[in-house]
Amino acid sequence: MLLSYRGFNYQASTALLPKKQDFTTAKYRGVSYEIVKHTTIKTPSKSQLKYRGVTYID
């Protein structure tokens, strides 16, 4: 997707989100409930950014 901000065009990067949530069933004092397991999202390790004409690596 091509985006623009104040006249500068840039390409949007997309993050991969998990499609399935993992649940763990737990029991406390006879009551069962589900706990959501948190997953990490993979993102690009390095990105080259520019702010007011100065390029830097994030």
Select from the stretch 18-41 the residues that are modelled with pLDDT under 80, surrounded by 10 or more Cβ atoms within 10 Å (Cβ to Cβ) and either hydroxyl-bearing (Ser, Thr, Tyr) or closer than 30 Å to Phe8 by Cα (or both) and list them in ascending order. Thr39
So, in the stretch 43-58, exactly how many residues are at pLDDT below 85, exposed (fewer than 10 other Cβ atoms within 10 Å of the Cβ) and either of a type in the set (Asp, Glu) or part of a loop (DSSP other than H, G, I, E, B) (or both)? 6
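The values are calculated or read from the model by the stated rules, or taken from the named source; none is laboratory data. Here the structure is a predicted model, which means the values were calculated and not measured. FYI the Cβ positions are ideal-geometry reconstructions off the backbone, even for glycines, and counts take in every protein chain you see.
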